[in-house]
1. Just to compare against my own numbers: the Cα pair-distance distribution for segment A:17-142, 10 Å bins, whole % per bin, please.
2. Determine the total buried accessible area between chain A and chain B, counting protein heavy atoms only with a 1.4 Å probe; round to the nearest 100 Å².
3. Would you mind calculating the relative contact order of segment B:17-142 from Cα pairs under 8 angstrom and at least 6 residues apart, reporting the percent as a whole number?
4. For segment B:104-144, count the residues as N, evaluate 2.2 N^0.38 Å, and divide the Cα radius of gyration by that value, please.
5. Starting at the first residue of segment A:74-91, write each ³J(HN,Hα) from the Karplus equation 6.51 cos²θ - 1.76 cosθ + 1.60 with θ = phi - 60°, in whole Hz, x for Gly and Pro.
6. Keeping all protein chains in place, calculate the accessible area per residue for segment A:1-125 (probe 1.4 angstrom), answer in Å².
7. Please report the net charge: other residues with Cβ closer than 11 Å to the Cβ of residue B:83, K and R +1, D and E -1.
8. If I ignore ligands, DNA and RNA and count only protein heavy atoms, how much of residue B:134 is accessible to a 1.4 Å probe, in Å² to the nearest 10?
Number of protein chains: 2
Amino acid sequence: MPKLDLDAFPLTNRTGYPAPYSADVAGRRYRRLGPGAGLEDFGVTHVTLEPGAWSSQRHWHEGEDEFVVMLSGEAVLVEEGSRVVMRAGDCAAFPKGKANAHHLVNEGERPCVFIAIGRPAASACHYPDIDLYLDGATQRYAHRDGTPY
Amino acid sequence: MPKLDLDAFPLTNRTGYPAPYSADVAGRRYRRLGPGAGLEDFGVTHVTLEPGAWSSQRHWHEGEDEFVVMLSGEAVLVEEGSRVVMRAGDCAAFPKGKANAHHLVNEGERPCVFIAIGRPAASACHYPDIDLYLDGATQRYAHRDGTPY
């Protein structure tokens, strides 16, 4: 059955971020749909942000495109030097290698829901606001100077 | 600006289907978002089906995954031996190589809108209901016996 029973996919708020950066995404609950649905060409994640939650730390990937479409509620898309509200039906694209760090923040009082499309992470990821860096080769988080967490 | 101004993307109802199969998708209006937004890893298409329109002829791809999320309105997802209604927020996945031909049909009285994710077509596509075949090597439509249209 191609139509997905979303409730059948495991729901998690897991993150690989070290403390204290993990706290900002504690209210991010998500389901990875791709593998369970049999998809290999791209990843699909169904995300709910509780009020106050962030989609991620503000970041940009060297080697993976990302795409987001809002399904319900509102979030603020924060990028380099600007903020814009995203509502149901709004789309945003984040081409790889473009140093425009971004994330979604739920500043409202109700949950918001979006779909994120991407590829498995295999490159470095940059976090300009904080002392965090994702190494491209190891896919491990480190301080900016390379010291492990 | 990562948030996309959808109206800035060209809107078309173009199809490569030969007559008479082209008529079923005449009311399918779509915008390809990927290239204009700078995305290379996957394709993103924003589709509106007018009442009566089909998303495609019922088909399955040998080599490309597909994913659909409904944004507004309703469509009937027709697959092998079953029909199910898709509403805003519903998701469907179509793994490559799985011979479960599918399409969306707007049987309602209002337009419906969805996002389709995929990869550039590079494999054969099968249309079990009609005398149509997409050759994998040439990416040209033919009769099932190989005769060109």
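The values are calculated or read from the model by the stated rules, or taken from the named source; none is laboratory data. Just so it is clear, the model here is predicted, and its values are computed rather than measured. Positions of Cβ are generated from backbone atoms using ideal geometry, with glycine treated the same way; all protein chains shown enter the neighbour counts. Heads up: the accessible areas ignore ligands, DNA and RNA and are worked out on the full protein's heavy atoms, side chains in. Shrake-Rupley method; radii C 1.70, N 1.55, O 1.52, S 1.80 Å.
1. Pairs per bin, as whole percents: 13, 44, 38, 5.
2. Numbers: alone 8420 and 8430 Å², together 13760 Å².
Answer for the A-B pair: about 3100 Å² buried.
3. Numbers: 315 pairs, mean separation 36.4, N = 126.
Reported relative contact order: 29 percent.
4. Values: Rg = 14.0 Å, N = 41, 2.2 N^0.38 = 9.0 Å.
My calculation over the Cα atoms of segment B:104-144 gives 1.55.
5. For segment A:74-91, the Karplus-derived couplings read 9, 9, 9, 8, 9, 10, 5, x, 7, 9, 8, 7, 10, 10, 3, x, 6, 10 Hz, x marking Gly and Pro.
6. Values: 5330 Å² over 125 residues.
Counting only protein heavy atoms, the per-residue value for segment A:1-125 is 43 Å².
7. On the way: positive: A:3; negative: B:79, B:80, B:107.
Local charge sum for residue B:83: -2.
8. It works out to around 10 Å².
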